Structure formats: structure tokens, C-alpha cells
Amino acid sequence: SDGTCEAEGFMDDDGAGGPPVRIHVRIRKRRDRITVDLSGTDAQRDGGMNVPIVSTEATVYYAVRCAIGIDVPVNDGFFRPIALVAPEGSYLNPRFPAAVSVRHLTCQRLADTLMRAIGQLVPDRVSAGGFVGFFSLMAAGSSPLGGRTVVLQDILGGGTGGRRGLDGMDAVDTYVSNCGLLSAEVCETLYPWRIERTELISDSGGPGRFRGGLGLRRVYRALETQPSVLYIDQTNPTFAPQGLLGGHPGRSSRIFLRVDGRARRVPTKTTLTVPAGGDVVVETAGGGGWGPPSERDPDALAADVRDGVVTARGSRPYAGRRRGRKRA
């Protein structure tokens, strides 16, 4: 059906110590034409998370494709009905020589914001909000196999939002990406790090008729002192994955450094030296819930509690759930 919708999302910061960055989407559908207007987005910043226009276009096409479904072929005819408005000089169409190397963080936030806007028109065809923080650890150290310098690169996924008929997925790389989790065995064989813990986080998925997927906790222990680059987003609870159609938001992400048993928060985008024996502790966000928690199937909720996905405390939002008749 025809209509107009809009949504906004925020980056925690611009990657260079600046304030949150606003991403604004306004979509208008008229018959067989879709106009995506991003002119309400903030201007380009000094940090490296500005998005070149080609990546912005790709993200818009991705979001529309998700809502339309896989039965429509992707060819030249798919792109013709979609018009994009993104003023030059904005965060999503910066002027040269803007820094753009970490644009994937912003692309994921843009995709999530597009989904929330589209969800106002066709909520049955999109999911609730998901993790868009795209954690990354890069560190240079000595290889356990021979002592030469090697660079570790690992990323962590989080929860996707619930959607009609299905709960969100746990600990995956959401939106416009397909990166996998580095196995603990490979990490410990090739790099001077030990994976102390990799686990799903109970209660991190937003409650809903279909709950959000769970975030991931991973603890990296440095076996030698190493210069490291860390970045993550969505640590601000205000910007956590949002629910849809009455679903609750997921839990936001966290990152901190633990040395000699003492933990301290670190900037969301930073370069630091991790001392030998120090732990980098990362917790990614869970997805938002879809639909009111009161409508969750009691059997599904019981299974969640039994499996530790939801704790007794986390089950409180479901207290008013309906009993008896199940809903598809």
C-alpha cells in the first residue's frame, strides 16, 4: 500500500571523540515508485565512519530487497523504481577527502533505521531492531608458531530482532555483511591470545511475542603485551535494538578492559595497549522483540527458561502472557 514513513537512529559517536551521529530516513511509496530521503541525516564528521554514496545506495537496495522478498529478481529493473535523496556533504554522502574506512558500522545502523521505517508500512515483512555495533579487535603480537609478528582480526555478531513467526537469531553478523566468528582453536594456535570465554548472554534478547536473538560475550586474554585497536557501537542504552509492534528493546552492548581483576570501561573506538594477562571483555547487544510479550506462547517461554535463554527475572515482562489458545 502507498504511504510515508520515517525513522531515526544514532551512532554512539563519530569515532573521533565527537557526539552521537543522527541517521534519519524518510520513505515515500507511491504506486510503483519508492523514494528514500536521507537529507535529515547529520553532516559528515572527522571520524572514519562517513559512508560514500555507493555504499549508501547498496544499503538502501539491501533494505528494500529484505522487505520485498526473494521472489523478485535483482536486475536492472529492480533498481529503477527506487529514488535516493542524499545531499552531498552529509554523513551518508561525504565530500572528498572524508574518512570512510569504518563505514560498515554506519551502514549497519542505516540498514536498521531503514528497516524500522519500512516496518511502519509492512511490519509483517521486517524484523525488529538488531545488533549493529559490529565489534572488532585488531592486535599485533608474536606468533606462537614461530615468533614472527602476526595481526589478529576478530569480529563478533549479536542478536537479530524477532520477526513474525520466528524468534531472532543469536550471535550473528547482522545486515549487509557475512563475516564469521573466529574459532577459539584457530585464535589460540596462530595468535598470542587465549579465548577465556565465549557464551550467549541470558536475557539480552528483547521480550516479545517473538523474542530477540541473544548477544554474545567473549573474553580475550592477552598472552603478551600488545598494541590493539578496538571498536564497537550501540553501547548507549538509548540506542539499543528497538522492538516492533509492542516488542521490547534488546540489551545494549558493552566493552571493557580487565587488568589484575579490575575492570574499566574503554572508549567505543580506541587504540590502546593491552598488557600481558589483561582481558578484553566484549558483550554484544541482543535483538529487539516483535509483538507484545504477553502474546508469547507459554510453551516457548517455558523452553526459554529451561534452556537459560531467559532467567526468572528476565521472564517478568511476560507475566501477562495469554494462556490456552496458541497464536501462529
Open item on the list: Please report the net charge: other residues with Cβ closer than 13 Å to the Cβ of Arg217, K and R +1, D and E -1.
Closed with: -1
Open item on the list: Distance between the C-alpha centers of the range 24-38 and the range 246-302? Whole Å please.
Closed with: 34 Å
TODO: Rounded to the nearest 0.05, what FRET efficiency do Thr273 and Ala312 give with R0 = 41 Å and r taken as the Cβ-Cβ distance? Could you check?
DONE: 0.50
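How charged is the neighbourhood of Ser39? Take every other residue with its Cβ under 14 Å from the Cβ of Ser39, and add Lys/Arg as +1 and Asp/Glu as -1.
Residues near Ser39 contribute -2 overall.
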TODO: Using just the helices of the chain, give the 222 nm mean residue ellipticity in deg cm²/dmol: DSSP H runs with n ≥ 4 each add -39,500 (n - 2.57), and the total is spread over all residues, rounded to 500.
DONE: -5000 deg cm²/dmol
TODO: Can you tell me the order of 275-282, 80-87 when each peptide is scored by its average per-residue count of other Cβ atoms within 10 angstrom, highest first?
DONE: 275-282, 80-87
Task: Long-range HN-HN contacts of Thr174 with modeled amide H, under 5 Å - done: Gly158
Open item on the list: Quick one: 3J(HN,Hα) in Hz for the range 264-270, Karplus 6.51/-1.76/1.60 with θ = phi - 60°, rounded, Gly and Pro as x.
Closed with: 9, 5, 10, x, 5, 9, 7
Task: Full-extension gain in nm, Val85 to Glu185, via 0.36 nm per residue minus C-alpha separation - done: 31.4 nm
TODO: Calculate, in nm to one decimal, what Leu121 and Arg197 gain on full extension: separation in residues at 0.36 nm each, minus their alpha carbon distance.
DONE: 23.2 nm
- [ ] Treat each spin label as a single point 7 Å out from the Cα along the C-beta direction, and report the Asn178 to Leu223 distance in nm.
- [x] 3.3 nm
Open item on the list: For a protection proxy built on the mean count of beta-carbon atoms within 10 angstrom, sort 28-37, 103-112, 148-157 highest first, please.
Closed with: 103-112, 148-157, 28-37
Task: Residues of the range 98-248: accessible area per residue with a 1.4 Å probe, Å² - done: 38 Å²
TODO: Report the paramagnetic label zone for Ala263: residues of the range 214-228 whose backbone N is under 14 Å from a point 7 Å from Cα along the Cα-to-Cβ axis.
DONE: 216-220
- [ ] Pop out the carbon and sulfur fraction of the accessible area of the range 205-328 as a percent, whole number, probe 1.4 Å.
- [x] 50 percent
Open item on the list: Using each residue's phi in the range 14-27, evaluate 6.51 cos²θ - 1.76 cosθ + 1.60 at θ = phi - 60° and report the 3J(HN,Hα) Karplus result to the nearest Hz, with x for Gly and Pro.
Closed with: 9, x, 10, x, x, x, x, 10, 8, 10, 10, 10, 10, 10
- [ ] With only Lys, Arg, Asp and Glu charged, each at its Cβ (+1 for the first two, -1 for the last two), find how big the charge dipole of the range 155-255 is about the Cα centre; round to the nearest 20 debye.
- [x] 380 debye
- [ ] Grab the Cα-Cα distance for Ile68 and Ala303, subtract it from 0.36 nm times how many residues apart they are, and report the gain in nm with one decimal.
- [x] 81.4 nm
- [ ] Return one whole number: the accessible area per residue of the range 36-91 in Å², for a 1.4 Å probe.
- [x] 46 Å²
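Under a Cβ-Cβ cut-off of 9 Å, what is the net charge of the residues other than Leu200 that fall near it, where Lys and Arg count +1 and Asp and Glu count -1?
-1
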Task: Karplus-derived HN-Hα couplings along the range 106-117 (A = 6.51, B = -1.76, C = 1.60, θ = phi - 60°), whole Hz, x at Gly and Pro - done: 6, 4, 5, 5, 4, 4, 5, 5, 4, 4, 5, 5
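The values are calculated or read from the model by the stated rules, or taken from the named source; none is laboratory data. What you see is a predicted model, and the numbers here were worked out from it, not measured in a lab. Cβ: placed from backbone, ideal geometry, glycine included. Neighbour counts: every protein chain shown. Heavy atoms of the whole protein, side chains included, go into the accessibility calculation; ligands, DNA and RNA do not. Shrake-Rupley method; radii C 1.70, N 1.55, O 1.52, S 1.80 Å.
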